[in-house]
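Enquirer: Below is a structure I'd like to ask you about.
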């Protein structure tokens, strides 16, 4: 849990999207199968965006075709996103606490925008970094940190994969993984409030 970090304060919270803020109805194993067939490769494609980039970096046309296939599946799933009142309250309350909020996602900008609008939280976010900026989570976090003008040590990053943990920890962010460190993203508010209380009442 966060207490082991001896965190002095929190100025920003950065979230992952799929698997963290929302669970999109995408069969990623099936998508990977389709992409492998397109690319004629046995690459594991994990993470998917990184795998596609590495396999097709010398073939921009094939890369575009692969991401178009992925985007098709993302857009179908994005349209099924349901408003989550608990998530809305979490994001609204974090903003009211004066925190800067960001989002990093390996989704494309079109599907990410649809999801965030359906969740009604897009206007609370100070920065959104999609795969069009980078397919590497660590680079996405660097972009978000720069835009938010905060240090990694002042930032709480919430993700859901081992790659999120590796990227956040390597930069020095305070990283929490849904399903491991916390059961649900809505627990973040209580953690943040506890840290802020200890900051102002040492």
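Here is a yes/no grid of residues against (1) surrounded by fewer than 19 Cβ atoms within 10 Å (Cβ to Cβ); (2) over 21 Å from residue 190 (Cβ atoms); (3) under 12 Å from the mean Cα position of the chain (by Cα):
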{"site": "97", "(1), (2), (3)": "yes, no, no"}
{"site": "100", "(1), (2), (3)": "no, no, no"}
{"site": "104", "(1), (2), (3)": "no, yes, yes"}
{"site": "107", "(1), (2), (3)": "no, yes, yes"}
{"site": "112", "(1), (2), (3)": "no, yes, yes"}
{"site": "121", "(1), (2), (3)": "no, no, no"}
{"site": "131", "(1), (2), (3)": "no, yes, yes"}
{"site": "138", "(1), (2), (3)": "yes, yes, yes"}
{"site": "158", "(1), (2), (3)": "no, no, yes"}
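Enquirer: Here is a follow-up. Looking at (1) assigned to a loop (DSSP other than H, G, I, E, B); (2) surrounded by 12 or more Cβ atoms within 10 Å (Cβ to Cβ); (3) outside the structural domain of residue 179 (by TED's automatic domain parsing), can you tell me which one residue 10 breaks?
Expert: It is condition (3) that residue 10 fails.
Enquirer: So is residue 84 touching a helix residue (DSSP H, G or I) at 6+ places or on another chain (Cβ under 7 Å), under 30 Å from residue 155 (Cβ atoms), surrounded by 15 or more Cβ atoms within 10 Å (Cβ to Cβ) and modelled with pLDDT of 95 or more or not?
Expert: Spelling it out, residue 84 is indeed touching a helix residue (DSSP H, G or I) at 6+ places or on another chain (Cβ under 7 Å), under 30 Å from residue 155 (Cβ atoms), surrounded by 15 or more Cβ atoms within 10 Å (Cβ to Cβ) and modelled with pLDDT of 95 or more.
Enquirer: Within the bounds of region 187-202, is there any residue that is within 16 Å of the chain's Cα centre (by Cα), outside the structural domain of residue 68 (by TED's automatic domain parsing) and without any contact (Cβ under 8 Å) to a residue 40 or more places away in the chain?
Expert: No.
Enquirer: Would a scan of region 133-154 turn up a residue that is in contact with a helix residue (DSSP H, G or I) (Cβ under 6 Å, 6 or more places away or on another chain) and within 14 Å of residue 19 (Cβ to Cβ)?
Expert: Checked against the condition, which is being in contact with a helix residue (DSSP H, G or I) (Cβ under 6 Å, 6 or more places away or on another chain) and within 14 Å of residue 19 (Cβ to Cβ), region 133-154 yields at least one hit.
Enquirer: Has region 120-141 got any residue that is farther than 25 Å from residue 165 by Cα and touching a residue at least 24 places away in the same chain (Cβ under 8 Å)?
Expert: Looking through region 120-141, at least one residue is farther than 25 Å from residue 165 by Cα and touching a residue at least 24 places away in the same chain (Cβ under 8 Å).
Enquirer: Then there's this: Can you pull out the residues in region 50-75 that are closer than 30 Å to residue 187 by Cα and either assigned by TED's automatic domain parsing to the domain that holds residue 18 or without any contact (Cβ under 8 Å) to a residue 40 or more places away in the chain (or both)?
Expert: Residue satisfying the conditions is 75 alone.
The values are calculated or read from the model by the stated rules, or taken from the named source; none is laboratory data. Fair warning: this is a prediction, and the values are worked out from it, not measured in the lab. Counting neighbours? That spans all protein chains shown, and the Cβs are built from the backbone with ideal geometry, glycine included.
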